[in-house]
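A short write-up of the structure that comes next.
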Amino acid sequence: FPFDGTSVGCTVPSGWTAITDNISQANFNLGAYYKIAASGSETSGTWTGCDGLTVIVLRAPAPTPFGNVEGQTGSGAGVAYPANALTVTGGTSWVIGIGCIRSANDATFAAAAPTGMTNRTGSSGSTGACSLSTQASVASWSAQTVTAASGGRNGAFVIEVQDGSLSNVLTMNPL
């Protein structure tokens, strides 16, 4: 999930595929990409023009296990994670939430998660803060808001991972 404090976005290295279109507005751009690792020593490659990059590593048997994806941008101290009408409603999907805000050094937001999700990792720096969270075994996802310490341009994705056998999240570390 590359975050950029401009509306231009990052240069994505080869081998990465967009899950959906980037969400952007003036001075804010957030992307969602995936890559299927060819080996256990795979690297993220070189991302340029980014203010931050957060990576989650999932072990899933399906080559592209993503279902419905929702994203939206906003401004102010409330980062809205949109509702997601999941493709699989039987309670086997996961949801991944990534939210970012152009609010400098907001460690509280970086450690926050929408209600119902668990914060996995976050980062905070001079150009903004991001938080990555997950929730397993869901049948639906309603809109949630996470409040940051101060306002700024912001955005969030809620991404369905619809592979019911995705019971192990191998690692979740920011790069």
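The values are calculated or read from the model by the stated rules, or taken from the named source; none is laboratory data. Computed from a predicted model, the values in this text were never measured in an experiment. Cβ atoms come from the backbone with ideal geometry, glycine included; neighbour counts cover every protein chain shown. Protein only, heavy atoms only, side chains kept; ligands, DNA and RNA dropped before computing areas. Shrake-Rupley method; radii C 1.70, N 1.55, O 1.52, S 1.80 Å.
Quick notes on this structure:
- Here the spin labels are modelled as points 7 Å beyond Cα on the Cα-Cβ line, and at S137 and A26 they lie 4.7 nm apart.
- Summing +1 for each Lys or Arg and -1 for each Asp or Glu among the other residues whose beta-carbon sits under 15 angstrom from that of V79 gives 0.
- Within a Gaussian network of the chain (alpha carbon springs, distance under 10 Å), most fluctuating of L132, L30, L53: L53
- Pairwise alpha-carbon distances in the chain exceed 27 Å for 19% of all pairs.
- Residue with peak Gaussian network fluctuation, the chain [Cα springs, cutoff 10 Å], from T73, T54, T43: T43
- In terms of overall dimensions, the C-alpha atoms belonging to the stretch 1-55 reach 38, 19, 16 Å along their principal axes, ordered largest to smallest.
- In the chain, taking the dipole from charged Cβ atoms about the Cα centre, the farthest positive-side position among S126, L53, I96 is held by S126.
- What the phi angles of the stretch 141-156 give under the Karplus curve with 6.51, -1.76 and 1.60, with θ = phi - 60°, is a coupling list of 9, 9, 4, 9, 10, 10, 9, 8, 5, 9, x, x, 4, 8, x, 8 Hz, glycine and proline written as x.
- Comparing S133, S123, S150 in a Gaussian network model of the chain (Cα springs below 10 Å), the most mobile by mean-square fluctuation is S150.
- The chain - charge dipole about Cα centre, Lys and Arg +1 at Cβ, Asp and Glu -1, debye rounded to 20: 140 debye
- Helical runs assigned H by DSSP (4 residues or longer) give the chain a calculated mean residue ellipticity at 222 nm of -500 deg cm²/dmol, each run adding -39500 (n - 2.57) before division by the residue total.
- Surface accessible to a 1.4 Å probe, per residue, for the residues of the chain, Å²: 44 Å²
- Contact order relative to length of the chain, as percent, for alpha carbon pairs under 8 angstrom and 6 or more apart: 29 percent
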